[in-house]
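I have a structure here, written as structure tokens, and I will follow up with some questions on it.
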Amino acid sequence: MPQTIAPEAPARPARRAARRSKQPTGHPVVAVVGLGYVGLPTAIALRNAGCRIVGIDVSGIRLDAIRGGEAELLEAEQRDLAAHLQNDGFVLTNRVKALDAADLVLICVPTPIDEQLRPDPRILREACAEVVQHARPGQTLVLTSTTYVGTTRELLAQPLAERGLRVGEDVCVAFAPERIDPGVSEHAQLKTPRVLGGITPRCSARAAAVLRHTCKRLHHVSSPEAAELIKLYENTFRAVNIALAFELAEACGVHGLDPIEVTEGAASKPYGFLAHYPSAGVGGHCIAVDPYYLLHDLRERGRPAALAEEALRKVSGRPRHIAWRAHEALVELGRPLRQARVLVVGVSYKPGVADTREAPAVEIIGRLRAEGAHVDYHDPLVPSVEIDETTLHGVAADADGYDLAILVTLHPDHDYDWLRRCAAVLDCTYRRPDAGERRFVP
């Protein structure tokens with residue numbers, strides 16, 4: 001039967017009956033499968049609400065990093081995690097059998113793409129299979145990983161039915177995609193609404209009883225499929241508009257205009273415009289990955305999304321364009337690429353985080369190195385990075401000896417005044433007109 005755990009603090013008598021309830025509307029045991037950038041903050045938020053947490057991750061390295069305070073979190077989440085690790089209400093394990101104790105199971109595993117930009121749901125399939133295998137009557141299972149439309153029904157509801165468990169009666173199943181913006185406190189999950197779609201209304205209600213503690217409010221939709229497509233739409237929308245921002249920046253270059261000035265001018269309109277800014281490219285776990293779970297599925301069904309396909313080609317080709325512009329700038333400076341010394345400034349995929357997944361700087365460095373340039377990088381948050389099976393270590397903030405500095409990611413609260421001493425810069429942020437003796441833009 002489901003296990004309900006009371007919080008450590010004494011409670012008023014009027015609430016004791018609710019704590020003894022076997023429904024997950026009190027303080028349930030929640031198993032979080034996958035403790036990455038989604039699972040760990042979600043586990044912390046639920047523990048803050050009184051839930052007992054069983055955090056499951058197959059990576060011992062990841063578990064050690066969490067225990068050692070090395071996981072990337074917002075400052076408040078770091079403090080909460082440190083406190084929770086000191087008591088027995090927050091358990092970390094690599095044992096999947098720990099699912100047996102849970103009232104609610106959250107599946108928060110990554111959904112990457114392969115080198116051909118095709119969805120690679122193997123991790124997700126394995127995690128869902130384990131959850132189904134350990135499922136028991138009374139549990140609520142919630143998938144949060146961004147994935148193709150129909151996944152929740154295919155990987156959870158149908159296998160559960162094959163086991164003889166009635167979805168909506170014996171077990172409840174729902175999809176509730178994450179909306180977490182790493183490193184941005186203004187977009188903390190507790191300040192952000194969350195979408196929820198259950199297989200049945202009872203499934204939605206059971207999931208909502210717990211998930212309400214992880215967000216500003218819950219937006220209920222009619223089905224898991226609707227929630228799955230909503231998540232894909234969100235990030236495809238951003239990819240399309242980022243591609244447009246890249247094209248606008250190139251048009252500004254033709255006319256000798258500043259794309260930041262033009263974008264901010266357009267953003268002064270109080271309706272019908274959402275500002276997107278040009279950069280060196282798109283990285284991380286969402287925009288660079290998620291739209292392919294929509295596009296690949298539609299191609300397989302013979303209904304390709306031509307506009308989104310073209311936008312993703314523009315987005316994925318941006319680092320290649322930056323490498324070409326670096327080559328062009330060096331030619332203008334009279335410095336052959338094979339003799340050039342280049343400093344890439346910032347290798348994480350966005351300001352304020354140390355995450356280099358799909359980071360455009362990684363591809364830019366790899367391309368320039370392959371052409372014979374000597375390339376170093378400086379990033380105060382990233383001490384080392386793997387590029388083409390080679391470990392590169394960051395260098396100190398020093399412009400001396402470099403023919404060109406490529407500004408990719410500038411972190412807040414760090415000093416970049418030294419960029420003024422650069423011989424030349426390729427400013428992919430479009431925001432440092434004071435940098436370098438010579439300034440180029442993409």
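Just to be sure I understand, if you calculate semi-axes √(5λ) of the Cα gyration tensor in Å for this structure, which of (i) 50, 23, 21; (ii) 32, 29, 19; (iii) 44, 24, 20 do you get?
Structure-derived value, by its label: (iii).
Right, here's the next one. Report, in whole Å, the centroid distance computed from the Cα atoms of segment 155-215 and segment 73-87.
So the separation of the two Cα centres works out to 24 Å.
What residues qualify as long-range amide H neighbours of THR147, i.e. H under 5 Å apart, gap of 5 or more or another chain, H built at 1.01 Å from N?
none
Once the dipole of the chain is set up with Lys and Arg at +1 and Asp and Glu at -1 on Cβ about the Cα centre, which of VAL54, VAL131, VAL167 lies farthest towards its positive end?
Going by the Cα projections, it comes out as VAL167.
Still on this structure, please answer the following. For segment 52-59, what does the Karplus curve 6.51 cos²θ - 1.76 cosθ + 1.60, with θ = phi - 60°, yield as ³J(HN,Hα) per residue in whole Hz, taken in order and with x for Gly and Pro?
7, 10, 10, x, 10, 8, 6, 8
Restricting attention to segment 382-442, which GluC sites (Glu not before Pro) occupy a DSSP loop and are surrounded by at most 11 other Cβ atoms within 10 Å?
GLU389, GLU437
Would you give the gap between the C-alpha center of segment 377-442 and the C-alpha center of segment 228-243, rounded to a whole Å?
So the separation of the two Cα centres works out to 30 Å.
At 7 Å along the Cα-to-beta-carbon direction for both LEU218 and LEU333, put a label point, then send me their distance in nm to one decimal.
Each label point is offset 7 Å from its Cα along the Cβ direction, giving 5.6 nm.
So who's got an amide H within less than 5 Å of the one on ILE53, skipping anything under 5 residues away but keeping other chains? H placed 1.01 Å off N, in plane.
Amide H to amide H, under 5 Å and 5 or more residues apart or across chains, ILE53 pairs with VAL30, PHE90, VAL91.
What's the ranking of 253-263, 179-189, 121-131 by average number of surrounding C-beta atoms within 10 Å, highest first?
Top to bottom by mean Cβ count within 10 Å: 121-131, 179-189, 253-263.
Additional query: Taking a ≥ b ≥ c as the square roots of the Cα gyration tensor eigenvalues, with a/c under 1.5 meaning rounded and otherwise prolate when a/b beats b/c, else oblate, which class fits segment 80-234?
It is rounded, given that a/c, with a ≥ b ≥ c, falls under 1.5.
Something else: Given +1 on the Cβ of Lys and Arg, -1 on the Cβ of Asp and Glu, and no further charges, what dipole in debye does the chain carry about its Cα centre, rounded to the nearest 20?
1980 debye
Would you work out the charge dipole size for segment 253-352 about its Cα centre, treating the Cβ of every Lys and Arg as +1 and the Cβ of every Asp and Glu as -1, and quote it to the nearest 20 debye?
Roughly 340 debye for segment 253-352.
Rounded, prolate or oblate: which one fits segment 53-158, using the alpha carbon gyration tensor with axes a ≥ b ≥ c (rounded when a/c is under 1.5, else prolate when a/b beats b/c, else oblate)?
Oblate shape, in that a/c is at least 1.5 and b/c is the bigger or equal ratio.
Take each complete run of DSSP H in the chain, measure how far its Cα atoms stretch along the helix's own axis, and keep only those covering 30 Å or more with mean Kyte-Doolittle hydropathy at least -0.5; list them.
Length and hydropathy pass: 224-255.
Taking one equal scatterer on every alpha-carbon of segment 61-101, how large is log10 of I(q)/I(0) by Debye at q = 0.30 1/Å?
-1.08
Taken together, the values in this text are just the output of simple stated rules run on the coordinates, not laboratory data. Given the structure is predicted, the values throughout are model-derived calculations rather than measurements. Using ideal geometry, Cβ is built from the backbone for each residue, glycine included, and neighbour counts are taken over all protein chains shown.
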